[in-house]
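Colleague: Before I ask anything, here is the structure I am working with.
The values are calculated or read from the model by the stated rules, or taken from the named source; none is laboratory data. On a predicted model such as this, the values are computed, not experimentally measured, just so you know. As a convention, Cβ positions derive from the backbone with ideal geometry for all residues, glycine included, and neighbour counts pool all protein chains shown. In case anyone asks, the SASA skips ligands and DNA or RNA and just uses the protein heavy atoms, side chains included. Shrake-Rupley method; radii C 1.70, N 1.55, O 1.52, S 1.80 Å.
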Amino acid sequence: MTTAPPLPTPSESHTGVDLDTLRSVEDRVLWLATAIVDHANRVRPNPGGLKVGGHQASSASIVSIMTALWFAELGPEDRVSVKPHASPVLHAINHLLGELDASYLTTLRDKGGLQSYPSRSKDPDPVDYSTGSVGIGATAPIWGAIARRYADGVSGGRVGTGRQFSLVGDAELDEGAVWEAVLDPMVRELGEVCWVVDFNRQSLDRVVPDISATRLTGLFTAAGWQVISVKYGRVLSELFSRPGGDALRRRIDEMTNPEYQRLLRCTPAQLRERLPGDGPDRDAIAALLGEVDDDAVHAAIRNLGGHDLGALLDAYAHIDDTRPTVVFAYTVKGYGLATQGHPQNHSSLLNEAQMRALATDLGTDLDDPWAPLPADSPAAALCAAAARRLRRNGHPDRQTTDVPVDAGRAPTGTGNTQQALGRALLDLTRSAPDAARRVVTVSPDVASSTNLGGWLNKVGSWSAHERTNWFADDAETILHWRERPSGQHIELGIAETNLVGLLGELGATWSRWGEPLLPIGVLYDPFVARALEPWAFGMYAGGQSILVGTPSGVSLSPEGGAHQSITTPSIGLEQPGCVTFEPAFGIEVTWCLLDGLGRLGRPDGSSTYLRLSTAPVDQSLAAVPTDTAARERRRRQVVAGAYGLRRSAGRPAVTLATMGPLVPETLAAADRLADQGVDADVVVVTSPDLLFRALRARSAPTGDPTWILDAVFPTDRAAPLVTVLDGHPHTLAFLAGVHRARATHLGVTGFGQSSDLPAAYALHGIDADAIVSASLDVIG
């Protein structure tokens, strides 16, 4: 049971806080949290019979930490991410603060009730950060701190400052996302970040044998964090001061986690036998234990610092706001419950007899579990005072961002959609400077290789403090890293999880602070899958952003099969809270980007996924209308999901539906079919996502518009269908259902290899030859 450097022995009192009153509140928090889970599982009718679940032991573990924080430490500007399994504790505290009506205490995991894990978007009471995906909730306040600083700069200081707390289960430190965040160089400057680790040394399945605070301390210290250990409470600290106390401390420090956990399950007589151990200090420890009664021995072994309110408050008082802080608070899983310390207590539930015994211990009544604290009690007064202190005034009226729908410029020559992204951002600074000022781009060390160089030179790189650009006078340096608080690009290390974690928080400033930002994250498309789970969780939590995957597909042929993304088109189609686009031409990138920006920072908004390519495309093939009304019609169709690029003179024999960089191959195939007397319509799909929504809306009341299907696939031009894209063919297979037509679907279904572009297209059967052959086959 190794340790980090301890604080001095806690003082007998903490300024301004009556610890006896705080303990009374702590008892009520423990009761409410436990009863919330008990009612959901044992009392509430359950016709389906499926276990409702909940985490009484994990909640009990952190009750002291959260009680000390909410009722004696937090200010209204502070924000807290609560470990997922402690949601009942958060709801109990919110109830005592008057933020949650008692009627909700019976609704844990019920429809419309308290969520299983804290949720900003779905819980009825205040939740600062949604948690539930292990590791992501822990790191969210890091990205929230950066987003808050950035929004404060954009707003001219209206957002303000405050600490960002993460309450983390120790098993959560196994997650790679945690260390990717901790080690990012930008994080060491975030003095408002404080993690409190509920160090109970138990995971879901067992007591973790080798988890070591000493090793973890070294990792955090090396990353520039302050480390505070709250290991022992007052009872044990007092024993340590007696003769033989040094030996007892040494014995507990050196014992393994499983041995210590086993002692928690022992009777006082068993403790007197086992605790002295077999070493040279056995006699000294046994003599020390002989001086205290059985109750004191039983209480001492579980008297860890994470359950000592005074020790916790002293730890909070030692937080250094010039650097991130981690507090290791040693706890007992299930503390105060009949299941405390049991190695399999993670999902165990107290039975009725155990609940009644707990009610007796805590001065409550199982038959009236939600009875309020006596109105004239010191505990009720402390709750009321905390509620007044923590009351948030709300943010000013939400700022609005007007984003244009068209930049008015059509690219010419030969180019690719990745290049068009950088040009579109620069165009925005000229056509809509107010909107452009709220754009913030983020990349994981790939800004230059994804054509963001021009944008970066224009707006600079964001940093909490201005840094010297030592290459400013180097004539051969064309990409300049001017780092300053007014910069609009944030460069992270090569960690996609960090990228989308920050995107989620930048995309939530509109609802947190009333300051909408327009965040755009850019990464290589093959790594979208790696970033997907935390990005999806960010959208669930209310973050709205644009994710750009570029370059994509086998169009990245020289890089080989490992870097040729296949499944990302369907990921975009299937992801809730997100609209996906894969534009073919530069002007379409502008239209789709502006559409995506217009969806951000709104209660009814959403995120956007743009899949771009480095494949060169002749821009004249877009045949963008010069007439203003016709151009606007094309734009509307592009952002609705598709448009007809070529119509045959008569009814077509086949319709070719294509996407992204394969438009030139498809047009070439249409020309060859025409030479054989086979008329073909060519439809360019820009969003399979929006087209599928339109098709589904024809038979289900989803509210999505369906006009785009009638415009692009009119009934009088129904024909056999060939779909083709640089991605998995099932992405467009649903289009056969528009007219129930015979169809063939071309795409990439296997890993590729290094090659040039024509060879890659031929290898996967998505070149003009394959399209012609499939067309002739489908029309018979």
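Colleague: Hey, Leu735 hits all of (1) surrounded by 15 or more Cβ atoms within 10 Å (Cβ to Cβ); (2) under 16 Å from Ala669 (Cβ atoms); (3) not hydroxyl-bearing (Ser, Thr, Tyr) but one; which does it fall short on?
Modeller: Only one criterion is unmet by Leu735, namely (2).
Colleague: Given the conditions (1) modelled with pLDDT of 95 or more; (2) buried (at least 24 other Cβ atoms within 10 Å of the Cβ); (3) not hydrophobic (A, V, I, L, M, F, W, C), which single one is not true for Gly137?
Modeller: (1)
Colleague: OK, next. Every residue in segment 45-74 that is outside any helix (DSSP H, G or I), modelled with pLDDT of 95 or more and more than 24 Å from the chain's Cα centre (by Cα), please.
Modeller: Selection gives Glu73 alone.
Colleague: Another question, then. Return the residues of segment 537-575 that are within 24 Å of Leu452 (Cα to Cα) and of a type in the set (Ser, Thr, Tyr); say none if nothing qualifies.
Modeller: Ser545, Thr550, Ser552, Ser555, Ser557, Ser565, Thr568
Colleague: On to the next question. Looking at segment 178-201, which of its residues are open to solvent by 10 Å² or more (accessible area, probe 1.4 Å) and under 25 Å from Gly306 (Cα atoms)?
Modeller: Within segment 178-201, Trp179, Glu192 meet the criteria.
Colleague: Something else now. Which is open to solvent by 50 Å² or more (accessible area, probe 1.4 Å) and either within 19 Å of Leu725 (Cβ to Cβ) or out of contact with any Ser or Thr (no Cβ under 8 Å at 6 or more places or on another chain) (or both), of Thr706, Thr658, Thr626?
Modeller: On inspection, the qualifying residue turns out to be Thr626.
Colleague: Is segment 738-753 home to any residue that is in contact with a Phe, Trp or Tyr (Cβ under 9 Å, 6 or more places away or on another chain) and buried (at least 20 other Cβ atoms within 10 Å of the Cβ)?
Modeller: yes
Colleague: In segment 80-99, what count of residues is obtained for those that are under 24 Å from Gly334 (Cβ atoms) and either basic (Lys, Arg) or not in a helix (DSSP H, G or I) (or both)?
Modeller: Number satisfying all stated conditions: 4.
Colleague: Here is a list: Asp367, Asp427, Asp445, Asp406. Which entry is at pLDDT 90 or above, open to solvent by 80 Å² or more (accessible area, probe 1.4 Å) and out of contact with any Cys (no Cβ under 8 Å at 6 or more places or on another chain)?
Modeller: One residue alone meets the criteria, Asp367.
Colleague: Looking at Ala670, is it modelled with pLDDT of 95 or more and over 41 Å from the mean Cα position of the chain (by Cα)?
Modeller: In short, yes.
Residues are listed down the side, and each one gets a yes or a no for (1) among the charged types (D, E, K, R); (2) modelled with pLDDT under 90; (3) within 40 Å of the chain's Cα centre (by Cα); (4) not in a helix (DSSP H, G or I):
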residue: Glu259; (1), (2), (3), (4): yes, yes, yes, no
residue: Gln270; (1), (2), (3), (4): no, no, no, no
residue: Glu273; (1), (2), (3), (4): yes, no, no, no
residue: Gly277; (1), (2), (3), (4): no, no, no, yes
residue: Pro280; (1), (2), (3), (4): no, no, no, yes
residue: Ala284; (1), (2), (3), (4): no, no, no, no
residue: Ala287; (1), (2), (3), (4): no, no, no, no
residue: Asp295; (1), (2), (3), (4): yes, yes, no, no
residue: His298; (1), (2), (3), (4): no, yes, no, no
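Colleague: Could you count how many residues in segment 140-170 are of a type in the set (A, V, I, L, M), surrounded by fewer than 24 Cβ atoms within 10 Å (Cβ to Cβ) and either in a loop (DSSP other than H, G, I, E, B) or modelled with pLDDT of 95 or more (or both)?
Modeller: Qualifying residue count, segment 140-170: 1.
Colleague: Arg389 fails exactly one of the following numbered conditions: (1) in contact (Cβ under 8 Å) with a residue 60 or more places away in the chain; (2) open to solvent by less than 80 Å² (accessible area, probe 1.4 Å); (3) part of a helix (DSSP H, G or I). What is the number of that condition?
Modeller: If we test Arg389 against (1) in contact (Cβ under 8 Å) with a residue 60 or more places away in the chain; (2) open to solvent by less than 80 Å² (accessible area, probe 1.4 Å); (3) part of a helix (DSSP H, G or I), just (2) comes out false.
Colleague: Now for a different question. Please find, within segment 355-364, the residue that is least open to solvent (accessible area, probe 1.4 Å) out of those that are more than 12 Å from Gly336 (Cβ to Cβ) and in contact with a Lys or Arg (Cβ under 9 Å, 6 or more places away or on another chain).
Modeller: Looking at the filtered set, the residue picked out is Met355.
Colleague: Can you tell me how many residues in segment 242-253 are open to solvent by 30 Å² or more (accessible area, probe 1.4 Å) and either in contact with a Ser or Thr (Cβ under 8 Å, 6 or more places away or on another chain) or on the phi > 0 side of the Ramachandran plot (or both)?
Modeller: Qualifying residue count for the region: 1.
Colleague: Within 20 Å of the chain's Cα centre (by Cα) and either crowded, with 18+ Cβ neighbours inside 10 Å or not in a helix (DSSP H, G or I) (or both): which single residue out of Leu173, Leu108, Leu216 fits that description?
Modeller: Leu173
Colleague: Does Gly493 fit the bill of being at pLDDT below 90, touching a Pro at 6+ places or on another chain (Cβ under 7 Å) and not basic (Lys, Arg)?
Modeller: yes
Colleague: Sticking with this structure for a sec: Quick one: which helices (runs of 4 or more DSSP H) sit completely within segment 450-526 and have at least 1 residues that are open to solvent by 10 Å² or more (accessible area, probe 1.4 Å), in contact (Cβ under 8 Å) with a residue 40 or more places away in the chain and not β-branched (Val, Ile, Thr)?
Modeller: Those helices (runs of 4 or more DSSP H) span 496-506, 509-512.
Colleague: Follow-up. Scan (1) surrounded by 23 or more Cβ atoms within 10 Å (Cβ to Cβ); (2) charged (D, E, K, R); (3) at pLDDT below 95 for the single condition Arg611 breaks and write down its number.
Modeller: The failed condition is (3).
Colleague: Among the residues of segment 183-195, which ones are under 19 Å from the mean Cα position of the chain (by Cα) and under 21 Å from Val230 (Cα atoms)?
Modeller: Result: Val193, Cys194, Trp195.
Colleague: Return only the number of the condition from (1) farther than 20 Å from Gly538 by Cβ; (2) surrounded by 24 or more Cβ atoms within 10 Å (Cβ to Cβ) that Ser648 does not satisfy.
Modeller: (2)
Colleague: (1) at pLDDT 95 or above; (2) buried (at least 17 other Cβ atoms within 10 Å of the Cβ); (3) within 25 Å of Ala315 (Cα to Cα); (4) over 28 Å from the mean Cα position of the chain (by Cα): which one isn't true of Arg23, the others all being true?
Modeller: (2)
Colleague: Name every residue in segment 606-646 that is of a type in the set (Ser, Thr, Tyr) and out of contact with any Asp or Glu (no Cβ under 8 Å at 6 or more places or on another chain), in order of residue number.
Modeller: Matches in segment 606-646: Ser606, Ser607, Tyr609, Thr614, Ser620, Thr626, Thr628, Tyr643.
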